[in-house]
Structures are given as structure tokens and as C-alpha cells.
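The values are calculated or read from the model by the stated rules, or taken from the named source; none is laboratory data. If you're wondering where the values come from, they're calculated on a predicted model, not measured in any experiment. With ideal geometry, Cβ positions are generated from the backbone for all residues, glycine too; neighbour counts draw on all protein chains shown. Just so you know, the surface numbers come from the protein's heavy atoms only, side chains and all, with ligands and any DNA or RNA stripped out. Shrake-Rupley method; radii C 1.70, N 1.55, O 1.52, S 1.80 Å.
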Amino acid sequence: MVHPLPDKVSFEEGALVEPTAVAFHAVRHSKLKVGQKVAVYGAGPIGLLTILSAKAAGASTIYAVDVFEERLNLAAKLGAIPVNSAKVNATEVILEQSGGIDVAYEAAGVQPTMDSAVAVVKKGGEVVVIAAIPNPLQVNFFDLLVKEANLTATLAYRHIFPEVISLIAEGALDVKQVITKKIKLDNIVEEGLELLMSDKSHAKILVEIGG
């Protein structure tokens, strides 16, 4: 289970192989085809990496939905269309602009995002649950039924680290864009854990162990 990093992949990029594999597995598990439209609910680290993975898979249009403007700014830098669901009705905005989504990735895990993900997919579309949802959520199965849409879920990843490493080495997955800060181990609480809780402009904060 040890995977060597090629010369083209830095240690910083190597540190992002695991979370990238989560997003990459979700996109590969879905039925996304080149040129289709997607929506990603939740612009945290996994959501941002899902945007990168969907882009690499050939998605033509990617909507990013979140309530934090700072996270949406990061999503926009990755090429997604930001939708702040705290300010607008995300479902209405996405349907008006897109006419319907082919695949919606649920990486937030709350009732409003699940509702919107089901609502925006078109006939024959798909909702993919990535978030680890701690409490039961309701799902509008009638909406899925009349659209003959699919609802599926993914758990982490399975034996895909080599593929993710190769895609990073080739430049197909530019995961460096998700790194927002590097800190020393001594500062992991104040500049790491606490900062992630208070400052939503950060995605992945890397910790330098030695040196």
C-alpha cells in the first residue's frame, strides 16, 4: 500500500492524494460524461476537489453551491460558477441558467442541499452523495421517480491512489490550488484547527512535520 511519488509530484501534492481520491472516486463512480453539466453542493476541501475531478472528467459546466462567500471564491478560481444559497434560491438559479443538471454531487450533507440536489437534476440524471451524513435526511423519491433519476453514494475510495498520482503528475488535477496555507507543527492548533473553524477562506492547510 506504499505508492512512490514521481519526480513531477511534490510532497505537498502528495499530501493531497488521499482527499483527492475521495472526490475522484465519486466522479468516476458517477455516470458523468464529457460535456455534461454538474452541480457540487458544499465547497469545502472535498467539494473543491470534486470540482477539479469533474473538470478533469470533461464536465462542461460546474456549479458550486455553498453559504460561505470565501469558499465560493475558491470554487470560482477552479472554474466553477458560484451560487450562494444563503443569498439566492440555488435550485431556481441553477435550473434557470442550466435547464437541468446531469449529475449533482452532494458534499455538504444537510437537508437543504439534498433537497436542491434532487430538484436540479434533469430526467435520467443522478445525485451522488459524498458527504458522511451523521443524521438521517429526507429524500423526495417522487421527484426522483418522475424523472427516472438515480440516487447513489460513495464511500472514500478503492485502490485508486496510483491513478490519482498519475493525474496529478500529468497536470490533469492541479491540487495545489486547494492548498491555502502551510504551518509548522507547533502551530497546528491556533493556525490550523482553530483557523479552519473560523476562517472559511481556507481549504487545505498543510503541516510541516520536520525541518
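For this structure, a couple of remarks:
- Neighbour-limited loop hits for trypsin sites (Lys or Arg not before Pro), the range 105-203 (at most 15 other Cβ within 10 Å; DSSP other than H, G, I, E, B): 158
- Accessible area (Å², 1.4 Å probe, nearest 10) - residue 198: 90 Å²
- Straight-line cross-link partners of residue 55 among the lysines, defined as a Cα under 18 Å from its Cα and at least 8 positions apart when in the same chain: 31, 33, 37, 77, 176.
- Stretch gain in nm, segment residue 193-residue 142, where the contour uses 0.36 nm per residue and the Cα spacing is subtracted: 14.3 nm
- Shape class for the range 69-145: oblate, because the ratio a/c of the largest to smallest gyration tensor axis (alpha-carbon atoms, square roots of eigenvalues) is 1.5 or more and b/c is at least a/b.
- Among beta bridges that DSSP assigns inside the range 46-129, antiparallel share in %, nearest 5: 0 percent
- Only one item in [x] 16.7, 53; [y] 15.6, 42; [z] 17.2, 59 matches Rg and Dmax of the Cα atoms in Å derived from the coordinates shown, and that item is [z].
- Adding -39500 (n - 2.57) for every DSSP H run of four residues or longer, then dividing by how many residues the chain holds, sets the calculated 222 nm ellipticity at -10500 deg cm²/dmol.
- Rolling a 1.4 Å probe over the protein heavy atoms gives the chain an accessible area of 52 Å² per residue.
- Cα shape, the range 133-211, gyration tensor, a/c 1.5 rule: oblate
- Low-density loop positions, GluC sites (Glu not before Pro), the range 137-185 - DSSP coil, at most 14 other Cβ in 10 Å: 148
- Backbone geometry of the range 200-206 corresponds, through the Karplus equation with coefficients 6.51, -1.76 and 1.60 at θ = phi - 60°, to 3J(HN,Hα) couplings of 7, 7, 9, 10, 10, 9, 8 Hz, x marking Gly and Pro.
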